[in-house]
Amino acid sequence: MPKQTNRQTNTDMPKPKFIVIDTSICCLYFDIQYMNTHETETPATVRAAIERETVAGAKMILPFVVIIETGNHIAHIADGNIRRIKVEEFTTFVTDCLEGNRPWMPFNGQDRLYTLDKMKELLETWKGRAIPNKDSIGDVSITAIAEFYACAMSNYDVLIYTLDEGLRAYSPSERANELLNVPAPPRRKKN
């Protein structure tokens with residue numbers, strides 16, 4: 001007679017999260033002047049959400065476009081002392097991300113999204129989304145990264161952590177709203 005067990009199946013358990021960080025979140029995380037105000041989110045709530053998700057086992061990725069955009073915002077801080085502090089903090093943070101220090105995933109794979117053919121595809125996608133939706137090329141790039149990881153890491157729910165309701169609607173997982181204190185945006189159709 002087969003031995004019976006009381007083990008639960010994993011089908012009832014939600015998948016672990018793989019979180020793609022957007023510039024809006026990165027700017028709040030670093031409390032960047034003029035980029036650090038939102039109706040429901042603060043630097044403290046963003047840091048707490050990242051810590052909570054890290055403890056729960058989430059993996060996180062910082063897209064290359066977010067590094068560039070956040071670095072640009074830091075470079076425009078008027079006070080040189082604050083700018084120097086933020087540059088040092090951000091440099092350390094990005095190095096941790098690049099090296100894959102917990103909870104950050106190493107930067108592996110994103111280079112496959114920037115080949116000549118993939119860049120042409122990204123531009124065509126952007127052209128189709130920029131006119132009707134006013135989506136930036138950065139948002140289209142973040143969406144492409146989220147979709148790339150959703151295919152590569154099917155055992156995870158891939159979410160885009162952003163304050164941008166339009167970008168969040170492209171999140172591969174419907175669980176993206178669990179990260180924020182805001183209502184869910186309507187889901188967008190994939191182009």
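The values are calculated or read from the model by the stated rules, or taken from the named source; none is laboratory data. Note that the structure is a prediction, hence the values are computed from the model and not measured. For neighbour counting, all protein chains shown are included, and Cβ atoms are generated from backbone atoms with ideal geometry for every residue, glycine included.
For every residue, the table says whether it meets (1) closer than 20 Å to Glu53 by Cβ; (2) under 19 Å from the mean Cα position of the chain (by Cα); (3) among the hydrophobic types (A, V, I, L, M, F, W, C).
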{"site": "Arg84", "(1), (2), (3)": "no, no, no"}
{"site": "Leu113", "(1), (2), (3)": "no, yes, yes"}
{"site": "Lys118", "(1), (2), (3)": "no, no, no"}
{"site": "Ala130", "(1), (2), (3)": "no, no, yes"}
{"site": "Ile145", "(1), (2), (3)": "yes, yes, yes"}
{"site": "Ala150", "(1), (2), (3)": "yes, yes, yes"}
{"site": "Tyr161", "(1), (2), (3)": "yes, yes, no"}
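Given the structure, is Thr143 modelled with pLDDT of 85 or more, polar (S, T, N, Q) and touching a Lys or Arg at 6+ places or on another chain (Cβ under 9 Å)?
It is true that Thr143 is modelled with pLDDT of 85 or more, polar (S, T, N, Q) and touching a Lys or Arg at 6+ places or on another chain (Cβ under 9 Å).
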Does the stretch 40-54 contain at least one residue that is surrounded by 18 or more Cβ atoms within 10 Å (Cβ to Cβ), assigned to a loop (DSSP other than H, G, I, E, B), of a type in the set (Asp, Glu) and over 14 Å from the mean Cα position of the chain (by Cα)? yes
Restricting the search to the stretch 150-171, which residues are in contact with a strand residue (DSSP E or B) (Cβ under 7 Å, 6 or more places away or on another chain) and of a type in the set (Val, Ile, Thr)? Val158, Ile160
For the stretch 143-166, give me each residue that is in contact (Cβ under 8 Å) with a residue 40 or more places away in the chain and either under 23 Å from His38 (Cβ atoms) or crowded, with 19+ Cβ neighbours inside 10 Å (or both). Ile145, Ala146, Tyr149, Tyr156, Asp157, Val158, Leu159, Ile160, Tyr161, Thr162, Leu163, Asp164
The stretch 160-191, subset over 16 Å from Gly138 (Cα atoms) and either touching a Leu at 6+ places or on another chain (Cβ under 7 Å) or part of a strand (DSSP E or B) (or both), residue modelled with the lowest pLDDT: Ala176
